[in-house]
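Heads up, the thing below is written out as structure tokens.
The values are calculated or read from the model by the stated rules, or taken from the named source; none is laboratory data. It should be emphasised that the depicted structure is a prediction, and the values quoted were computed from it without experimental measurement. For neighbour counting, all protein chains shown are included, and Cβ atoms are generated from backbone atoms with ideal geometry for every residue, glycine included. With ligands, DNA and RNA removed, areas are computed over all heavy atoms of the protein, side chains included. Shrake-Rupley method; radii C 1.70, N 1.55, O 1.52, S 1.80 Å.
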Amino acid sequence: QVQLVESGGGLVQAGGSLRVSCVISGGTFSSYSPGWFRQAPGKEREFVAAFTWIDSTDYKDSMKGRFTISRDNAKNTVYLQMNNLKPEDTAVYSCAVRVSGGPISTASSYQYWGQGTQVTVSS
């Protein structure tokens, strides 16, 4: 059974930075395509970033240049570094894992999910 546990969320001022982490246990971490999604109150879940099957990265256009996804296979951990944060980045950030095909930016392509971590950006 694959389990995902996020950490690192919190309160940060606009313009600040935050790094959230996701430890993935169960299965073979190096074979997964992990990604990050976020959901703000009253809004739909939104794709943020993910690793492709060939271990390159993909981002939602509005996050390019501010957010960076990375992974440490030795620690079974995927990270999301967020810089120059804005109040509109406030959301619950969740990591997820694809173990089979499907569009990288579509939530239904991901089979396993973490519980999420709250990121709040104050103005």
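Take the solvent-accessible surface of the protein heavy atoms, probe 1.4 Å, and return the percent of it on the chain that carbon and sulfur atoms account for.
Of the solvent-accessible surface of the chain, carbon and sulfur hold 47 percent.
Can you pull out the GluC sites (Glu not before Pro) in the range 27-90 that DSSP calls coil and that have at most 15 other Cβ atoms within 10 Å?
GLU44
Determine ³J(HN,Hα), in whole Hz, for all residues of the range 46-54 in sequence, where each value follows from phi through the Karplus function 6.51 cos²θ - 1.76 cosθ + 1.60 and θ = phi - 60°; x replaces Gly and Pro.
10, 5, 10, 6, 6, 8, 7, 5, 9
Averaging sequence separations of C-alpha pairs under 8 Å and six or more residues apart, then dividing by the length of the chain, give the relative contact order as a whole percent.
With pairs under 8 Å counted, the relative contact order is 36 percent.
Label-point separation (nm) for SER31 and SER17, each offset 7 Å from Cα along Cα-to-Cβ?
Result for the modelled spin labels: 3.5 nm.
When ligands, DNA and RNA are left out and all protein chains stay put, how many square angstrom of accessible area per residue does the chain have with a 1.4 Å probe?
Ligands and nucleic acids excluded, the figure is 49 Å² per residue.
What nm distance separates the two modelled labels at VAL2 and ASN84, each placed 7 Å from Cα along Cα→Cβ?
Output for this residue pair reads 3.2 nm.
What distance in nm separates the two pseudo spin-label positions at THR57 and ALA40, each 7 Å out from Cα along the beta-carbon direction?
Label at THR57, label at ALA40, 2.2 nm between them.
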